[in-house]
């Protein structure tokens, strides 16, 4: 699909949502993860796509799949790149290159439920998350491209979810299996 096709599609959807904003609100397809063995988990979408994750050998995994943390960074980077592409196409910006690099640091002790020497639990989440965007486009100034990227991140779903306090509900069902 060309950027022109993306531009046409975005404009068509924007026009439809302007006429009927209620159709834009929808339930996202669920991600359903099922433990297979060891630390391998397979996650499926509602339309039968799947991805396997596993932990490194040091934590008892096979090391032959991506980790859930990498998948989160991949979703962050991919969603940002997609949002930038959609906006560039709808604004007539002729992208020639786009790469989004997301990295982070984390402390594996948190994953294992360990505590600091003072008894405080070690934070299990990522910290120092950093995104680097490399972008080029024919006929666009560096300032215009920086503005495009900044605007896009304010409405890119995964970055928005991860950088703001999003309500979270937990429901647990214990079975006899």
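Using only Cα atoms and rounding to the nearest 10 degrees, what angle (0 to 90) does helix 68-90 make with the longest principal axis of the chain?
Helix 68-90 sits roughly 10 degrees off the main axis of the chain.
Identify which of 110, 75, 61 has the largest mean-square fluctuation in a Gaussian network model of the chain, with springs joining Cα atoms closer than 10 Å.
Top of the fluctuation ranking is 110.
Can you work out D for the stretch 67-163 in µm² s⁻¹ from Stokes-Einstein, where Rh is the Kirkwood radius over C-alpha pairs, the temperature is 25 °C and the viscosity is 0.890 mPa s? Kindly include the intermediate steps, with their values, before the conclusion.
Numbers: Rh = 15.0 Å.
Answer, rounded: 164 µm²/s.
In a GNM of the chain with a 10 Å cut-off on Cα contacts, which of 56, 142, 167 has the highest mean-square fluctuation?
Answer for the Gaussian network model of the chain: 167.
Taking only Cα atoms and a 10 Å spring cutoff, compute GNM fluctuations for the chain and point out the largest among 100, 66, 149.
66
Which value, in Å to one decimal place, does the Kirkwood hydrodynamic radius take for the chain when every pair of different Cα atoms is included?
On the way: mean 1/r = 0.0514 Å⁻¹.
That comes to 19.4 Å for the chain.
Within the stretch 18-56, find all residues whose amide N lies under 16 Å from a label point positioned 7 Å from the Cα of residue 160 along Cα-to-beta-carbon.
18, 21-29
What whole number of Å gives the distance from the Cα centroid of the stretch 31-65 to the Cα centroid of the stretch 162-177?
19
Output the 0 to 90 degree angle, nearest 10, between the alpha-carbon long axis of helix 142-153 and the longest principal axis computed from the alpha carbons of the chain.
50
Report, in degrees rounded to the nearest 10, the 0 to 90 angle that the Cα long axis of helix 3-19 makes with the longest principal axis of the chain.
Taking Cα atoms only, the helix is inclined about 90 degrees.
Computed from the coordinates by the stated procedures, all read-outs in this text should not be read as laboratory data. Fair warning: this is a prediction, and the values are worked out from it, not measured in the lab. When we count neighbours, we look across all protein chains shown, and the Cβ atoms used for this are built from the backbone with ideal geometry, even at glycine.
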